[in-house]
Amino acid sequence: MSTPTTPAARSGTVLVYGKAGCADTRRTLALLTELGVPAEFLDVEADAALAAEAARLGGGPRVPVVRFADGAIEVEPPDELVLARLGREH
């Protein structure tokens, strides 16, 4: 897996590549907020470079693509998988 490329990823922030109107993106961001996990929303609709990076990381144009602080990537992860990646329970 590639090394996180943004300062946010290097500082332990979870990166969420997504679309503002996407229910899965909003759900993932809401869960991270509820858990108090620092997260940065990267709007793939507003930035073609972010869209290309998300597609590369996720293997296609699906969102959300979530990059965890340890570099792990998950595409359209259910809440249970996000919680497991963070070592948390809901």
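The table for this structure:
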| quantity | calculated |
| --- | --- |
| Boolean, residue 30 is surrounded by fewer than 18 Cβ atoms within 10 Å (Cβ to Cβ), modelled with pLDDT under 95 and not in a loop (DSSP other than H, G, I, E, B) | no |
| Within the range 45-68, tally of residues that are within 13 Å of the chain's Cα centre (by Cα), surrounded by fewer than 19 Cβ atoms within 10 Å (Cβ to Cβ) and small (Gly, Ala, Ser) | 2 |
| Residue in the range 53-66 that is part of a strand (DSSP E or B) and modelled with pLDDT of 95 or more present | yes |
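The values are calculated or read from the model by the stated rules, or taken from the named source; none is laboratory data. Computed from a prediction, not measured in an experiment: that's the story for all the values here. Positions of Cβ are backbone-derived with ideal geometry, glycine not excepted, and every protein chain shown enters the neighbour counts.
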